[in-house]
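The values are calculated or read from the model by the stated rules, or taken from the named source; none is laboratory data. Everything numeric in this text was worked out from a predicted model, so none of it was measured. Here the Cβ positions follow ideal geometry from the backbone for every residue, glycine too, while neighbour counts run over all protein chains shown.
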Amino acid sequence: MKTETNKQSISLKVLNEILSQDRKYFLNEERGHIGIGDDADDGSQGDYNETFKFYKHPEMPENTFLRVTYQTDSYGDNENITEMKFVEGKAKTITVFEPIK
């Protein structure tokens, strides 16, 4: 049985706009790996902190986002881009248990 993958495309013009005007298309930021605490002395060689920034352009396919991964060095400084990837947004249901009043 053949299955067809989700084929989507984005123009280089759109990608260039996102990268050159990132504040305009910025959507959300999430923390990733945290290897270094508030005190930079907590880090060890090779450890890092990671942040994901998500971008959405009106001309991008529906439910498609650009995720840019930033990592620090082992001192918690010198943030650099380590990965850029297109991702798909998926809704999650979260159940919160609260006391009955």
Check: Can you tell which of Asp77, Asp41 is at pLDDT below 95, at negative phi and not in a loop (DSSP other than H, G, I, E, B)?
Finding: Asp41
Item checked: So Val96, is it aliphatic (A, V, I, L, M) and part of a strand (DSSP E or B) -> no
Margin query: Any residue that is surrounded by fewer than 13 Cβ atoms within 10 Å (Cβ to Cβ), at pLDDT below 80 and of a type in the set (Lys, Arg) - is there at least one of those in the stretch 4-19?
Written below: yes
Check: Hey, among the residues in the stretch 15-37 that are of a type in the set (Asp, Glu) and part of a helix (DSSP H, G or I), which one's farthest from the chain's Cα centre (by Cα)?
Finding: Glu17
Notebook entry, point to check: Across the stretch 47-63, which residue is nearest to Ile34 (Cα to Cα) among those that are touching a strand residue (DSSP E or B) at 6+ places or on another chain (Cβ under 6 Å) and either outside any loop (DSSP other than H, G, I, E, B) or of a type in the set (A, V, I, L, M, F, W, C) (or both)?
Noted result: Asn49
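With the structure loaded, tell me whether Gly37 is small (Gly, Ala, Ser), surrounded by fewer than 16 Cβ atoms within 10 Å (Cβ to Cβ) and closer than 24 Å to Lys24 by Cα or whether it fails that test.
No.
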Next item on the list: Consider Ser74 carefully, then state whether it is loosely packed, with under 13 Cβ neighbours inside 10 Å, more than 17 Å from Asn16 (Cβ to Cβ) and small (Gly, Ala, Ser).
Entry: no
